[in-house]
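Have a look at the structure below before the remarks.
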Amino acid sequence: MSDSKIIASEILPIQKIRADFPILSRKINGKTLIYFDNGATSQKPQVVIDAIDTYYKNQNANIHRGVHTLSQKITMAYENARTTIQKHLNAEHAHEIIFTKGTTDSINLVASSFGKKFISSGDEIIISAMEHHSNILPWQQLCEEKGAILKVVPINDEGELVMEEYKKLLNEKTRMVAITHISNVLGTINPVKEIIELAHAKNIPVLVDGAQAVPHTLANMQELDCDFYCFSAHKLFGPTGVGILYGKEKWLNAIPPYQVGGGTIKTVSFDKTEYADLPLKFEAGTPHIEGGIGLAAAINYVNEIGLDNIAAYEHELLAYATEALIKIEGLKIIGTAKNKASVISFIVEGLHPFDIGTILDQLGIAVRTGHHCTQPLMQCYNIQGTVRASFAFYNTKAEIDEFLKGLERAIKMLK
Amino acid sequence: MTIEETEQEITEEFELFDDWMGKYEHLIDMGKSLAMIDEKYKTDDKIIKGCQSRVWMHSEWKDGKIIYTADSDAIITKGMVALMIRVLSNHTPDEIINAKLEFVEKIGLTQHLSPTRSNGLVSMIKQMKLDALAYKVQS
Ligand SMILES: Cc1ncc(COP(=O)(O)O)c(C=O)c1O
């Protein structure tokens, strides 16, 4: 660790990287923006903005439909984007990459389509106590519809999954395990490979919510051997409104379409419809074309910097901020897992997270406050919410220093 | 004091501060000095929706006027609640319903408070006026 510490901040040309993100130089309340809300959404580098700009200026046409040049070219660009994503995730096939609206949409797709085919009364679905509402509600609703049962893997005080309990929950009635790769509140990096191996030993498929993981780590589909993996482009420095569902070919072939309409068919008559092959089977209607292309641009950008470098650098930021925060009187960090991404949630005794967030905002510092769409997790800790600072590779120690100063000031004002 | 006079008074108070820090400190002080709501009214059905922080509000009818008491778990929100109570409490339903509350903009509250908070403020005012309307209909 100490090696990567020294290397990380030297390897990354931070000032050059920051110049790639136009928004980082804007002022908020008269102060230069310090953006520590990367867990909610990330900022976009110029190459992504350019990709979208170019699309509308030069390339706009509908895909998979026309014989004309523009349509053919943009179809190719869109399919190239799919291939870029496939390679990035090390998925076996490009048609295992489904474009969706985002993580939430991807999970809903699986819950709905997998649920229709494979879930019936008395079946069990396993999630964890640290899930985002987006990885709770689709399963909860499915369980209600089908009379199935939702089982929850508990967490310990540090905010780590209790693996012994997970093992006990896996049984012959379990039909699906849906678990987050990295917690958006606690920062915990879950042992997804082990989770998948344990489930697979009982022939149970696993869906991984990778929304918080893809900006920080390489998610390798063939190595993880997961059955479904979901994420949103907007947290990976790409556009909003687009996301990915990776699904193993055998599962995507086995489950019915989610939404149907234009683009999802081979032939339609009023009697019968023959559905298209993957991936089009799951891509009804005109997709978010520039979104897919923008996402590929974001992935290429991130890969130029290198996710390993990014992870090492962010780890350095995390350690730096954690060390300083724990020295603040009355401050408690929520989520102290050994294996953690650059997300820090905390509370300050006697102060409301919302008040802290408001004062920090006056200082141009953007953090998230509240329950972070994880109300059951908040209930586990018996708190209303937290303040969350989440770092990306364009953040700096100097910004953390400013944040700490701002926080001290807020505490003084509010106490 | 009429509602307009209290609004004017608050506007002048806030004009003394030329930076956001002072304004917020004043708001926080107002929150701290807000008379507490009776604990028995701090129930879920008294929570005002739209606030990320929790606000409880209770209104009472006294000699043709409405008395509001309230609380919040966030101190800045509580400051806002205190301002509203100072302006609207102890007035007749008609006065409350017709209050324009232009001071909010004048003192830069809408501008300085984040949208979720402003929405909370809006919901709070709405609730106060709804209560006033309810008393008016009853009386
Ligand atoms: C862990 C996790 N899952 C799912 C989501 C939902 O992502 P989206 O809103 O992009 O669908 C989020 C976003 O906050 C998240 O952090």
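Below is a table of values for the structure above.
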{"read-out": "Solvent exposure of region B:3-138 as accessible area per residue, Å², 1.4 Å probe", "value": "50 Å²"}
{"read-out": "Chain A - accessible surface per residue (Å², probe 1.4 Å)", "value": "42 Å²"}
{"read-out": "Virtual spin-label span in nm between A:Leu404 and B:Asp94, 7 Å along Cα→Cβ", "value": "6.2 nm"}
{"read-out": "Neighbouring partner chain Cβ atoms per residue of B:67-77, average, 10 Å criterion", "value": "4"}
{"read-out": "Chain A: relative contact order as a whole-number percent, Cα under 8 Å and 6+ apart", "value": "23 percent"}
{"read-out": "5 angstrom amide H check on A:Val214, placed H, neighbours 5+ away", "value": "none"}
{"read-out": "Mean separation of Cα contacts under 8 Å (6+ apart) over length of chain B, as relative contact order %", "value": "28 percent"}
{"read-out": "Per DSSP, loop trypsin sites (Lys or Arg not before Pro) in region A:235-297 with at most 16 further Cβ within 10 Å", "value": "A:Lys272"}
{"read-out": "Sites A:Lys87 and A:Val268, calculated FRET efficiency, Cβ-Cβ separation with R0 41 Å, nearest 0.05", "value": "0.75"}
{"read-out": "Subset of A:Lys405/B:Lys78; B:Lys40/B:Lys62; A:Lys151/A:Lys272; A:Lys405/B:Lys46 violating a 30 Å alpha-carbon distance limit", "value": "A:Lys151/A:Lys272; A:Lys405/B:Lys46"}
{"read-out": "Rh by Kirkwood over Cα pairs, then Stokes-Einstein D for chain B at 0.692 mPa s and 37 °C, µm²/s", "value": "218 µm²/s"}
{"read-out": "Percentage of interatomic Cα-Cα distances in chain A larger than 41 Å", "value": "17 percent"}
{"read-out": "Percent of beta bridges antiparallel (DSSP, region A:109-196, rounded to nearest 5)", "value": "20 percent"}
{"read-out": "Average beta carbon contacts from partner chains per residue of A:350-357, 10 Å cutoff", "value": "6"}
{"read-out": "Interchain or long-range residues, amide H under 5 Å from A:Gly243's placed H", "value": "A:Thr100, A:Lys101, A:Gly102, A:Ala233"}
{"read-out": "Distance violations [Cα-Cα > 22 Å] among A:Lys202/A:Lys248; A:Lys202/A:Lys281; A:Lys146/A:Lys281; A:Lys117/A:Lys193; A:Lys250/A:Lys281; A:Lys235/A:Lys340", "value": "A:Lys202/A:Lys281; A:Lys146/A:Lys281; A:Lys117/A:Lys193"}
{"read-out": "The protein assembly as shown - percent of accessible surface contributed by carbon and sulfur, probe 1.4 Å", "value": "51 percent"}
{"read-out": "Residue-by-residue Karplus 3J(HN,Hα) for region A:146-156, coefficients 6.51, -1.76, 1.60, Hz, glycine and proline x", "value": "9, x, 8, 10, 8, 10, 10, 6, x, 10, 8"}
{"read-out": "Computed magnitude of the charge dipole of region A:49-303 (debye, nearest 20; Cβ of K, R +1, Cβ of D, E -1)", "value": "700 debye"}
{"read-out": "DSSP-defined antiparallel bridges as percent of all bridges, region A:49-303, nearest 5", "value": "50 percent"}
{"read-out": "Charge-dipole axis of region B:3-138 as Lys and Arg at +1 and Asp and Glu at -1 on Cβ define it, positive-most pick from B:Val81, B:Pro93, B:Met57", "value": "B:Met57"}
{"read-out": "Sparse-neighbourhood loop sites, GluC sites (Glu not before Pro) in region A:20-128 - DSSP loop, at most 14 other Cβ within 10 angstrom", "value": "A:Glu92"}
{"read-out": "Cα-centred dipole magnitude for region B:1-82, charges only on beta-carbon of K, R (+1) and D, E (-1), debye, nearest 20", "value": "600 debye"}
{"read-out": "Antiparallel DSSP beta bridges within the protein assembly as shown, as percent of all bridges there, nearest 5", "value": "70 percent"}
{"read-out": "Loop trypsin sites (Lys or Arg not before Pro), region A:292-342 (other Cβ atoms within 10 Å of the site Cβ: 10 or fewer; DSSP)", "value": "A:Lys327, A:Lys338"}
{"read-out": "Estimated [θ] at 222 nm from DSSP helical runs (n ≥ 4, -39500 (n - 2.57)) normalised by residues in chain A, nearest 500", "value": "-12500 deg cm²/dmol"}
{"read-out": "Threshold 30 Å² - residues in region B:29-62 whose accessible area is reduced by that much or more when the chain is no longer isolated, probe 1.4 Å", "value": "B:Lys32, B:Gln52, B:Arg54"}
{"read-out": "Cβ-placed point charges (K, R +1; D, E -1), dipole of region A:10-157 about Cα centre in debye, nearest 20", "value": "700 debye"}
{"read-out": "Per-residue mean of C-beta atoms belonging to partner chains within 10 Å, peptide A:24-30", "value": "1"}
{"read-out": "Solvent-accessible area buried by pairing A with B, both sides, nearest 100 square angstrom, 1.4 angstrom probe", "value": "1500 Å²"}
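The values are calculated or read from the model by the stated rules, or taken from the named source; none is laboratory data. No experiment lies behind these values; they were computed from the predicted model shown. Virtual Cβ from ideal backbone geometry, glycine too; neighbours counted across all protein chains shown. Heavy atoms of the whole protein, side chains included, go into the accessibility calculation; ligands, DNA and RNA do not. Shrake-Rupley method; radii C 1.70, N 1.55, O 1.52, S 1.80 Å.
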